[in-house]
Amino acid sequence: MSPTPPGATAQWTSGYGFLLAALGAAVGLGNIWRFSYVAGENGGGAFIIVYVAAVLVLGWPLLIAELALGRSTRADAITAFARIAPARPWRWVGWIGVLACIAILSYYPVVAGWVANYLWRYLHGAAALAGSGGYAAQFQSVISDPAQALFWYSLVMVATTAIVAAGVERGIERACMLLMPVFILLLVLLGGYGLSLDGAGRAMSFLFKPDWAALRQPGTYLAAIGQAFFSIGLGMGVLVTYGSYVPSRENLPRAALFLVLGDTLIALLAGLMIFPAVFTYGVDPAHGPTLAFAALPEVFAAMPGGRWFAIAFFLLLVIAALTSSVALLEVPVAWAIARWRWRRERAAAAVGALALALGVPVALGYGVLAPEPPGSPALLDRVDHLSSNILLPLSAIAIALLVGWAWHSAAARSAADLATVTAGAVWHWSMRIVLPLAIGLVMSRGLGWI
């Protein structure tokens, strides 16, 4: 392990450890639960074309920028921006992403709690999931019961806080080096099984044969860009924070390309895992957020060996949710350590308790705090819309503008490991012009502003 640079509190012990930790941060429920139903709602193959383009054209350059900001300053996600551009309003850019991170942290572990609940139920027998009103009614009973909602949400938050409190090397990196290989193995096995089902051909057609009419819908572009940022973890301070722990020897463009390609491949493998089963057993692929909780249990009940498939599937989701929740919590914890000079254990406990409190209304949002009138969007849906479609794109625009205009170009290119003149110029001008315009235009059209 290389010595810790001045001002840094920790470093990843190896490039392999960093890549697995960053991939664990990026790969989460967004790749499996969210990607599947968003793709289903937005035209399948057409959505995927826009999504892959967004990942490569917008996500990769911005990922390089966030990692470079973190490594060059060796600071948390708020301090890093203030060090690069101390003048107002640039110094406040980091706060947008951190607010998005906290917003996501208020509901992400809630969904992770649902996943943990289902894993526990399947471990004790799939029959426990079947209620008199069917699987949709059973899911509603799970999320509307205050005791269940709070217990499983709290369990996820306690586990997340414990990992972050253990430290960067002994907690986050060690957990990801253990969990991510298991995650990848499970995904490959389940994807291979999915391709053996009768509905595999229809699934391949759905995923890779575009519905070109969907490309005329502004919502498709907004959904794809929002999903790309949500899935990779852009704009929320995670990659700036993780970048601050990256050793100087790590090549950032190569690492960033590995992360965006790995994240995209995992999302596609998740589609090949889910959609063959969906089509084989006649489930609507545009089922929405309840796809994993109300629709897929029907599939598991019908398929041979469905209980074991369900156990592996929900274990996969638990791992993905936990590694991403850890990354989300690390962002405000790193800031608290730097701001108040707290010990990591104290910072993790304090921020974890605050995050737990913020998520309680969300966890109860389908039961005692359900919105009125019935059918109105729940608090979780509102916060997800705010974070994914507004805060994350705004944060991405602000980061691109800061890197493109407020950070000295030579220093920025050097920090990003862009040695050649051409590569550096293309990246720098994409930060200045291409990314802000593209993200702003799509965001405005998708929200109906223009």
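The values are calculated or read from the model by the stated rules, or taken from the named source; none is laboratory data. Quantities reported herein were computed from a predicted structural model and do not represent experimental measurements. Ideal geometry is used to build each Cβ from the backbone, glycine not excepted, and the neighbour counts take in all protein chains shown.
Selection of region 182-196 for residues being closer than 15 Å to residue 321 by Cα and aromatic (Phe, Trp, Tyr) yields only 183.
Restricting attention to region 175-199, the residues that are at pLDDT 95 or above and more than 12 Å from residue 319 (Cβ to Cβ) total 1. The C-beta contact set for region 311-337 (first residue closer than 16 Å to residue 171 by Cβ, second residue among the polar types (S, T, N, Q), distance under 6 angstrom, 6+ apart or interchain) comprises 325/160; 326/160; 329/160; 330/241; 331/241; 334/241.
Every residue, every condition in (1) touching an Asp or Glu at 6+ places or on another chain (Cβ under 7 Å); (2) surrounded by fewer than 21 Cβ atoms within 10 Å (Cβ to Cβ); (3) at pLDDT below 95, yes or no:
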{"residue": "29", "(1), (2), (3)": "no, no, yes"}
{"residue": "41", "(1), (2), (3)": "no, yes, yes"}
{"residue": "45", "(1), (2), (3)": "yes, yes, yes"}
{"residue": "51", "(1), (2), (3)": "no, no, yes"}
{"residue": "66", "(1), (2), (3)": "no, no, no"}
{"residue": "102", "(1), (2), (3)": "no, no, yes"}
{"residue": "113", "(1), (2), (3)": "no, no, no"}
{"residue": "121", "(1), (2), (3)": "no, yes, yes"}
{"residue": "128", "(1), (2), (3)": "no, yes, yes"}
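Just name the residue that is nearest to residue 17 (Cα to Cα) out of those in region 180-232 that are in a loop (DSSP other than H, G, I, E, B) and not hydrophobic (A, V, I, L, M, F, W, C). Filtering first and then ranking leaves 196. Pairs are defined by a Cβ separation below 7 Å, a sequence spacing of at least 6 or placement on different chains, a first member in region 383-397 that is under 14 Å from residue 328 (Cβ atoms), and a second member that is surrounded by fewer than 19 Cβ atoms within 10 Å (Cβ to Cβ) and among the hydrophobic types (A, V, I, L, M, F, W, C); the pairs so defined are 391/99. Of the helices (runs of 4 or more DSSP H) lying entirely inside region 75-168, those carrying at least 3 residues that are within 21 Å of residue 365 (Cβ to Cβ) and hydrophobic (A, V, I, L, M, F, W, C) are 93-123, 134-144, 146-165. Can you name the residue in region 359-376 that is modelled with pLDDT under 95 and hydrophobic (A, V, I, L, M, F, W, C) and is also surrounded by the fewest Cβ atoms within 10 Å (Cβ to Cβ) among such residues? Only one residue fits best here, namely 368. Of the helices (runs of 4 or more DSSP H) lying entirely inside region 376-450, those containing at least 2 residues that are within 17 Å of residue 67 (Cα to Cα) span 392-401, 409-415, 421-429. Only one entry in 402, 392, 435, 386 is surrounded by fewer than 22 Cβ atoms within 10 Å (Cβ to Cβ) and touching a helix residue (DSSP H, G or I) at 6+ places or on another chain (Cβ under 8 Å), namely 386. For the structure I just gave you, tell me whether residue 84 is surrounded by 21 or more Cβ atoms within 10 Å (Cβ to Cβ) and more than 17 Å from the chain's Cα centre (by Cα). Criteria met by residue 84. A single entry from 85, 22, 46, 77 fulfils the requirement of being of a type in the set (Gly, Ala, Ser), touching a residue at least 40 places away in the same chain (Cβ under 8 Å) and out of contact with any Leu (no Cβ under 6 Å at 6 or more places or on another chain): 77. Exactly one of these conditions fails for residue 187: (1) closer than 30 Å to residue 427 by Cβ; (2) buried (at least 24 other Cβ atoms within 10 Å of the Cβ). Give me its number. Condition not satisfied by residue 187: (1).
Checked against the criterion of being within 14 Å of the chain's Cα centre (by Cα), under 30 Å from residue 136 (Cα atoms) and either buried (at least 18 other Cβ atoms within 10 Å of the Cβ) or of a type in the set (A, V, I, L, M) (or both), the candidates 264, 280 yield just one match: 264.
Looking at residue 321, is it over 18 Å from residue 244 (Cα atoms), not in a helix (DSSP H, G or I) and not charged (D, E, K, R)? Answer is no for this residue.
Residue 299 meets each of the listed conditions (1) out of contact with any Gly (no Cβ under 8 Å at 6 or more places or on another chain); (2) without any contact (Cβ under 8 Å) to a residue 40 or more places away in the chain; (3) of a type outside the set (Phe, Trp, Tyr) apart from (1).
Checking every residue in region 276-293 against the condition of being closer than 16 Å to residue 114 by Cα and of a type in the set (Gly, Ala, Ser) gives at least one match.
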